[in-house]
Structures are given as C-alpha cells and as structure tokens.
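The values are calculated or read from the model by the stated rules, or taken from the named source; none is laboratory data. It should be emphasised that the depicted structure is a prediction, and the values quoted were computed from it without experimental measurement. Cβ sites come from the backbone with ideal geometry, for glycine too, and all protein chains shown count toward neighbours.
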Amino acid sequence: MEEKISKSIIRSFFNKLEDSLSLDAAVVGAGPSGMIAGKELALAGKKVAIFESKLAPGGGMLFTKSLYPGLYASGMAANNAMGGFRMGPIFGGMFLSGKKAAQLILENID
C-alpha cells in the first residue's frame, strides 16, 4: 500500500513539474514592476512564472525597454541597462512600468 501511495505522490509531482517547464513568459524579479507584469500577462491568459533571487519583494523603476528581441526590462533593470541610476523617482511609477512591460510582451508574444 505504501508503495502505491508513494508512486502516486511522485507521479503527481512530476506531472506538475513537467507542466511548469512550458511558459509563455518568464518574469525575472519580483519587485513591483515584475509582479504587475506577471499579473497583467496572467490576466491576458498567458502562462507566467516569476523568478526572484531574494525571499522578499523589492525593486524600483524608471522606464520599460526592449533590450533585445524578446527580452524586455522594466524598472531599475531597464534604467541600469541603459546607463542610468538604479533608483526610480516614485513608487507608483513601478506599477506603470510593469504594466507597460506586459503590454509590450503581449504585442509581440503571438
């Protein structure tokens, strides 16, 4: 009986793992911009994963930019990639940056 239960648990885990390997968008960074971009993409029906290296949210923004075809950066990452300062001027702008990133991705994803 234990073997049957163990196999069922393992099968369920690997089915979920296999399903998670295919994404429409991967968002790197769980700051405000990344969280909003992930939310907007998910609301549009896209399969999204958000990756964060820390155990706490954070981040900032100045603008959103396509750095390379299919690679979009928003918030401090976009500003830093373009040679600017890392701190954004206003917290509310972070949400707009994430929404803009999601809109740019949705325009080019299909």
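For this structure, a couple of remarks:
- The number of residues in region 19-36 being outside any loop (DSSP other than H, G, I, E, B), buried (at least 16 other Cβ atoms within 10 Å of the Cβ) and of a type outside the set (Ser, Thr, Tyr) comes to 6.
- Residue among Lys16, Lys46, Lys39 that alone is surrounded by 13 or more Cβ atoms within 10 Å (Cβ to Cβ) and assigned to a helix (DSSP H, G or I): Lys39
- Condition check for Phe51: at pLDDT 90 or above and either more than 13 Å from Ala101 (Cα to Cα) or touching a Pro at 6+ places or on another chain (Cβ under 7 Å) (or both): no
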